[in-house]
1. Has region 50-64 got any residue that is among the hydrophobic types (A, V, I, L, M, F, W, C), in contact (Cβ under 8 Å) with a residue 12 or more places away in the chain, part of a helix (DSSP H, G or I) and surrounded by fewer than 19 Cβ atoms within 10 Å (Cβ to Cβ)?
2. Quick one: in region 65-89, of everything that is open to solvent by less than 20 Å² (accessible area, probe 1.4 Å) and in a helix (DSSP H, G or I), which residue is farthest from Leu266 (Cα to Cα)?
3. Search region 1-34 for residues being modelled with pLDDT under 90 and assigned to a helix (DSSP H, G or I), and hand back the single one that is least open to solvent (accessible area, probe 1.4 Å).
4. Answer with yes or no whether Asp134 is more than 25 Å from Glu30 (Cα to Cα), over 21 Å from the mean Cα position of the chain (by Cα) and in contact (Cβ under 8 Å) with a residue 60 or more places away in the chain.
5. All but one of (1) farther than 26 Å from Ala191 by Cα; (2) assigned to a helix (DSSP H, G or I); (3) out of contact with any Asp or Glu (no Cβ under 9 Å at 6 or more places or on another chain); (4) open to solvent by 40 Å² or more (accessible area, probe 1.4 Å) hold for Ala136, so report the exception by its number.
6. So, Gly94, is that one surrounded by 14 or more Cβ atoms within 10 Å (Cβ to Cβ), among the small types (Gly, Ala, Ser) and farther than 13 Å from Ala70 by Cα or not?
7. From the set of residues in region 290-333 that are open to solvent by 30 Å² or more (accessible area, probe 1.4 Å), aliphatic (A, V, I, L, M) and part of a loop (DSSP other than H, G, I, E, B), which is nearest to Pro60 (Cα to Cα)?
Amino acid sequence: AWSNHPLHKVAVAVLLLIFAVAALISLRLESVTFDETAHIPAGLTYLQKNDLRLNAEHPPMVKAWSAVPAWLAGKERPDYRSGAWLRGDQWTFGSDLLQNDPGRLVTPARSMMVLFGIFLGLVVWRWARELYGDAAGLLSLALFVLSPTMLAHTRLVTTDLPAALGYTLTLWLFYRYTCRPAGGRAILLGAALGFALITKYSTILLPPILFLLLVLWLAFPREEQEPPARKKLGGHVLLTALTAYGVLWAGYGFRYAAVPDGGFILPWATILAQEFGGRDLIAWVNRQGLFPEGYLYGLAYALGGAARRLSYFHGELAVTGRWAFFPMAFLLKTPPAVIVLLLW
């Protein structure tokens, strides 16, 4: 089979190498982006201080991962007595840390992000090959490798590409579970779901998506892939949920408090003073300590705090979202050749 042919594996390796080299070369040519001013220094403080006060509106995992090289080198000594740190001012703290020589932190941090991109490319290749064969797998990987969007985001310390990996990996493992339901596959699905949840708060959409897909699978099963008995299926769902729950807690160090010594209090009152869906539920879950405080605060911020941000689109300023934004962004950012292939 072509999948076992040495040239097939060589082609996959060459495509991923092209992707990695392009990302590694270009990441050195890009100035520090707005979000990275907060993300990279915050990740370093997570590892050095085990304190999540900075940039609490995003999960810590991706930022901490990007800061591993600087943490292991042990040369960075942020000023933890400064007013910016004590009051949780991420922008001043980040600017102070990066201002003299940003490349010493930014370049290794961005290089760590490229690994997420390579892994996402592997998932795209494997899933496409399982669905449509070897040629489709290579075509999908080639489109991924040459995608300006993927190349642009894989070399930046933001949560976007890791979240894309979380979505794709989770949905692929759900597909694999439906092909051959088993407890081990249910656990892998739960691990992928947990990983997705600690990359970006928009991945909170994955549980309802998985539930809908499960209902559709039960309602319209494929003849060669019948769902398991109800009791067994229930056990698998529980395995997935418990694994995801455990991975989420692991992403926050199995600790409820965002700040361990109580020297800083997250501004819950500001967030909960706003009206948004799920506000009362999040407040109740936080009081019960059912999820890490950092996760619940960031989720509340994403649902409520971020909704008041001023945005610009098509010549107008607004504090609300626009339905046309994502369709327009897709059409403007996606290469025409890819759009033609999708229509075909």
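The values are calculated or read from the model by the stated rules, or taken from the named source; none is laboratory data. The structure presented is a predicted model; accordingly, all values stated were derived computationally and were not measured. With ideal geometry, Cβ positions are generated from the backbone for all residues, glycine too; neighbour counts draw on all protein chains shown. Only protein heavy atoms, including side chains, enter the accessible area calculation; ligands, DNA and RNA are left aside. Shrake-Rupley method; radii C 1.70, N 1.55, O 1.52, S 1.80 Å.
1. Start the filter on region 50-64 by keeping residues that are among the hydrophobic types (A, V, I, L, M, F, W, C), which leaves 52, 54, 56, 61-62, 64.
Those still in the list that are in contact (Cβ under 8 Å) with a residue 12 or more places away in the chain too: 52, 54, 56, 61-62, 64.
Remaining after also requiring part of a helix (DSSP H, G or I): 61-62, 64.
From what is left, the residues that are surrounded by fewer than 19 Cβ atoms within 10 Å (Cβ to Cβ) are none.
Among the residues of region 50-64, not one is among the hydrophobic types (A, V, I, L, M, F, W, C), in contact (Cβ under 8 Å) with a residue 12 or more places away in the chain, part of a helix (DSSP H, G or I) and surrounded by fewer than 19 Cβ atoms within 10 Å (Cβ to Cβ), which makes the answer no.
2. So the residue we want is Ala70.
3. His8
4. yes
5. (4)
6. Criteria met by Gly94.
7. Leu290
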